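To start, the structure under review is shown below, and the notes come after it.
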Amino acid sequence: MSRARHLGFSGCMAFVLWLPVLVAVLTAPPAVPQVAPAHPSFPVWFDARVNEEQPKVFTRFQVDLDGDGRDDEVVCYGFMRKDIPQVMEAGLLILVGLASGERFAFNEGAGPDGLSACPMPPDKAEGSGKAVLIVERQGGGTSSRVKLRFDRKGPLLVGSVVNTRFSSNSMDLLTQRTHSSNYTAPMSDDENDEGDESESDGMAHGVSDLEATVLPSPGQVSWGQKHWKGPEDADLKVSLRRRGDLLVVSVRLRDDKMVTATDGSPKAILAADHLELSWTEWAATKSGTNQYVQLGVARNARGTPVATWFRPPWKKDTPLPTIRWTSPDAVEVDLRLRWLMPTPAKLGYYDPTSVTPQLKVSFSDGDGKGQETLVDVNAGMLFFAEPGRPFPTVEQYVQPWMRVADDATLRSLTL
């Protein structure tokens, strides 16, 4: 047998020997991806921990807190002292178990206030038909309540009430209302001096990237009332929406005679029909002076945006924001969120209403005769949600909370 024929025969034999292996590889079913083990349901996990650790469960109920149509679980418990069974070893702890598997805990936290009561099942849905969980705290001369919704990332703030000895501040993003009352003690020993009391109502709005927040209209005439002939003469509608790190302010104008700017100078913008966007730039320290910033926005005869700082920010080289005139009566302005956001030094303990972004949008109408009328829309208190979330996150300084792992014990969560 020739060498070539011998090698060909050997190659054929090798192929025949490997053929079953090749067929097995080609016909084998695809590998099934490994799926992470599912979280044990909250009732299974919690009941197992109760049987082992023996806490005292004060309340336990079900309510849909994330809007997925399934009931989530809320429990409130504590550990009692063995020598004095009527006294708890530590404070209360509240657990929320979502039907989707996530679990969150609220305990005493590091501040002077502690949980003062177990939550109760909501008597009825509030505002937009969304049930809320109310968590109450007390101590250090302050009592507070927060109203919470949830998503899979954690608790979301929809309302708060904070009471001190001489004041009360509340806000509700479902009803979009705020209320404050203040009492000033007498300044003298005169028995007829009862001090001063004041109350005020306002608006609160949550701003997200999920849908636009439309501010109440019509606007309020703050200057030039004698020249204003009604909404058909001059008015504006304002909506807000988050886009990444930007706040997009969308404005639709109503004007019987639009006057454009002859150029981009402050004098020309002021003489034309224009928008004025005003906000507070917060100082980096608690005692620092806040900067009042004002932006002027108009368009020229070609429809090109023109803008100027009427009152510039602290940083003198701050660039003007992006502006889009989408039609002769509609404009969008992109404001950087960091321009409006309060600094941490300005935040009040447990009170989310102590300092909030401030924004006012005004339409200056001149009808070709210079500035005659100023119509304002004030945004009130603004609360910004993280991208993809419907309400703002609950900050730790407002209400301490934590995510609960599968291997957590009930006792460890109270520490």
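The set of residues in the stretch 211-221 being at pLDDT below 95 and open to solvent by 70 Å² or more (accessible area, probe 1.4 Å) consists of Pro218 alone. Considering only residues in the stretch 320-331 that are part of a strand (DSSP E or B) and surrounded by fewer than 17 Cβ atoms within 10 Å (Cβ to Cβ), the one that is nearest to the chain's Cα centre (by Cα) turns out to be Thr322.
May I ask you to verify whether Gly129 is open to solvent by 30 Å² or more (accessible area, probe 1.4 Å), among the small types (Gly, Ala, Ser) and closer than 17 Å to Val63 by Cα? Step through it out loud before you land on a result.
On the way: open to solvent by 30 Å² or more (accessible area, probe 1.4 Å): yes; among the small types (Gly, Ala, Ser): yes; closer than 17 Å to Val63 by Cα: yes.
Yes.
Within the stretch 225-232, at least one residue is over 19 Å from Gly67 (Cα atoms), in contact (Cβ under 8 Å) with a residue 12 or more places away in the chain and either among the hydrophobic types (A, V, I, L, M, F, W, C) or crowded, with 19+ Cβ neighbours inside 10 Å (or both).
Give the stretch 368-394 a look and list any residue that's touching a helix residue (DSSP H, G or I) at 6+ places or on another chain (Cβ under 8 Å) and either among the aliphatic types (A, V, I, L, M) or open to solvent by less than 20 Å² (accessible area, probe 1.4 Å) (or both), or say none. Let's see the steps before the verdict.
At the first step, the residues of the stretch 368-394 found to be touching a helix residue (DSSP H, G or I) at 6+ places or on another chain (Cβ under 8 Å) are 370-373, 382, 384.
Passing the criteria: Thr373, Leu382.
Residues in the stretch 75-100 that are buried (at least 19 other Cβ atoms within 10 Å of the Cβ), in a strand (DSSP E or B) and out of contact with any Asp or Glu (no Cβ under 6 Å at 6 or more places or on another chain): Val75, Cys76, Tyr77, Gly78, Leu93, Ile94, Leu95, Val96. Within the stretch 325-348, is even one residue touching a helix residue (DSSP H, G or I) at 6+ places or on another chain (Cβ under 9 Å) and assigned by the TED database to the domain that holds Ser222? Within the stretch 325-348, not a single residue is touching a helix residue (DSSP H, G or I) at 6+ places or on another chain (Cβ under 9 Å) and assigned by the TED database to the domain that holds Ser222. Counting the residues of the stretch 170-199 that are open to solvent by less than 50 Å² (accessible area, probe 1.4 Å) and within 18 Å of the chain's Cα centre (by Cα) gives 6. Selection of the stretch 281-294 for residues being surrounded by 15 or more Cβ atoms within 10 Å (Cβ to Cβ) and in a loop (DSSP other than H, G, I, E, B) yields Trp282, Ala283, Asn290. Could you list, in sequence order, all residues of the stretch 143-165 that are open to solvent by less than 30 Å² (accessible area, probe 1.4 Å) and among the hydroxyl-bearing types (Ser, Thr, Tyr)? Selection gives Ser144, Ser160.
Determine, yes or no, whether Leu374 is assigned to a strand (DSSP E or B) and in contact with a Phe, Trp or Tyr (Cβ under 6 Å, 6 or more places away or on another chain). Explain how you work it out, then say what you get.
Values: assigned to a strand (DSSP E or B): yes; in contact with a Phe, Trp or Tyr (Cβ under 6 Å, 6 or more places away or on another chain): yes.
In short, yes.
Does Arg49 satisfy the criteria of being at pLDDT 55 or above and open to solvent by less than 70 Å² (accessible area, probe 1.4 Å)? Criteria met by Arg49.
Picking from Ser278, Ser208, Ser250, which residue would you name as being surrounded by 14 or more Cβ atoms within 10 Å (Cβ to Cβ), hydroxyl-bearing (Ser, Thr, Tyr), under 18 Å from Thr373 (Cα atoms) and in contact (Cβ under 8 Å) with a residue 60 or more places away in the chain? Give the derivation first.
Numbers: Ser208 fails: under 18 Å from Thr373 (Cα atoms); Ser250 fails: under 18 Å from Thr373 (Cα atoms).
Step by step, each of Ser278, Ser208, Ser250 is checked, and only Ser278 is surrounded by 14 or more Cβ atoms within 10 Å (Cβ to Cβ), hydroxyl-bearing (Ser, Thr, Tyr), under 18 Å from Thr373 (Cα atoms) and in contact (Cβ under 8 Å) with a residue 60 or more places away in the chain.
The single residue among Arg302, Arg411, Arg338 that is over 30 Å from Gly91 (Cβ atoms) and assigned to a helix (DSSP H, G or I) turns out to be Arg338. Residues considered: Gly244, Gly219, Gly230. Of these, the only one that is touching a strand residue (DSSP E or B) at 6+ places or on another chain (Cβ under 6 Å) and of a type in the set (Gly, Ala, Ser) is Gly219.
Return the residues of the stretch 239-258 that are within 16 Å of Gly380 (Cα to Cα) and within 15 Å of the chain's Cα centre (by Cα); say none if nothing qualifies.
Leu240, Arg241, Leu247
Would you mind stating whether Asp66 is modelled with pLDDT of 95 or more and touching a Ser or Thr at 6+ places or on another chain (Cβ under 9 Å)? Spell out how you get there, then give the answer.
Values: modelled with pLDDT of 95 or more: yes; touching a Ser or Thr at 6+ places or on another chain (Cβ under 9 Å): yes.
Yes; evaluated as a whole, the condition is true for this residue.
The values are calculated or read from the model by the stated rules, or taken from the named source; none is laboratory data. Just so it is clear, the model here is predicted, and its values are computed rather than measured. Using ideal geometry, Cβ is built from the backbone for each residue, glycine included, and neighbour counts are taken over all protein chains shown. The accessibility values were calculated without ligands, DNA or RNA, using every heavy atom of the protein model including side chains. Shrake-Rupley method; radii C 1.70, N 1.55, O 1.52, S 1.80 Å.
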